[in-house]
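Please read the structure below before turning to the comments.
The values are calculated or read from the model by the stated rules, or taken from the named source; none is laboratory data. Since the structure is predicted, the reported quantities are computational estimates derived from the model, not experimental observations. FYI the Cβ positions are ideal-geometry reconstructions off the backbone, even for glycines, and counts take in every protein chain you see. What goes into the accessible areas is simple: the full protein's heavy atoms, side chains included, and nothing from ligands, DNA or RNA. Shrake-Rupley method; radii C 1.70, N 1.55, O 1.52, S 1.80 Å.
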Amino acid sequence: MLENLKQKVYEANLKLVEYNLVLFTWGNVSEIDKETGLVVIKPSGVDYNKMRPEDMVVMNLNGEKVEGELNPSSDTPTHLELYRRFPDIGGVAHTHSTFAVSFAQAASDIPCYGTTHADFAYGSVPCTRDLTKEEIEGEYELNTGKVIAECFEQGNIDYNAVPAVLVRSHGPFTWGKSGDAAAKNSAILEEVAKMAYLSKTMQAQSANEHIQKKHYFRKHGANAYYGQK
């Protein structure tokens, strides 16, 4: 079932290693099949160098395993909640990359200091609130997804324009049109976080609204002109 998608998700997970975003078994990527509504995700706790495409696990949006011999990623409920709440996305990635996690542990948004960030996201990358004791002791991973969605809804943030979030005290989740796109966004987020950290230490000011808008919309949207047609 969904053998081509399993191969794609397997390769997207390996991109996290290629991009130097994960150690050991940390991190995961998933992708949804829009026709069936089924999600393929990395198995839990399996070394990347031992993982095979057939190890990928197929889940439905109700959290039920449809196919796979291994347990799905422990972050699966978070991924599934993002697919339910953010219907335009096609893939989700999660890492514990150093600079993005540092901002999450500082409970800080990542401000837009310049055009590299603006090419990626329109505005700051937000950091969620803390989960409550009840949310942590209850359905923790599901509640993580709910807190992410709440962050975007209450902040009136367009998840298509800002394809990333920091979960406070935890780390980053990113998304895109596919698992591969989500993995690439994780790499971009880490680089943006690194630049932002260095900019903060130099007491930089956020980029002005005009340059942010120019760089975001020249690359994204109906009138974008970056790249080839």
**OP:** Heads up, I need the accessible area for L2: 1.4 angstrom probe, whole protein in place, Å², nearest 10.
**Re:** 40
Subject >> Listed peptides 17-23, 96-102, 128-134 by packing density, highest first (mean Cβ within 10 Å) >> reply: 96-102, 17-23, 128-134
**OP:** Give me the accessible area per residue for the stretch 136-229, probe 1.4 Å, as a whole number in Å².
**Re:** 59
Original post:
Of all accessible surface on the chain at a 1.4 Å probe, what whole percent is carbon and sulfur?
Top reply: 48
Original post:
Any idea of Y10's accessible area? Nearest 10 Å², probe 1.4 Å.
Top reply: 40
Original post:
If you put +1 on each Lys and Arg Cβ and -1 on each Asp and Glu Cβ, how big is the dipole of the chain around its Cα centre, in Debye rounded to 20?
Top reply: 920
Original post:
In debye, nearest 20: dipole of the stretch 1-93 around its Cα centre with unit charges on the Cβ of K, R (+) and D, E (-)?
Top reply: 160
Subject >> Per-residue [θ]222 nm for the chain (sum of -39500 (n - 2.57) over DSSP H runs n ≥ 4, rounded to 500) >> reply: -12500 deg cm²/dmol
Original post:
With the dipole of the chain worked out from charges on the C-beta (+1 for Lys and Arg, -1 for Asp and Glu) around the Cα centre, which of Y197, L80, S108 lies farthest toward the positive end?
Top reply: Y197
Subject >> Size of electric dipole in the stretch 118-229: Cβ of Lys, Arg +1 and of Asp, Glu -1, about Cα centre, debye, nearest 20 >> reply: 720
Subject >> Relative contact order of the chain, pairs being alpha-carbon contacts under 8 Å that are 6 or more residues apart, as % >> reply: 23
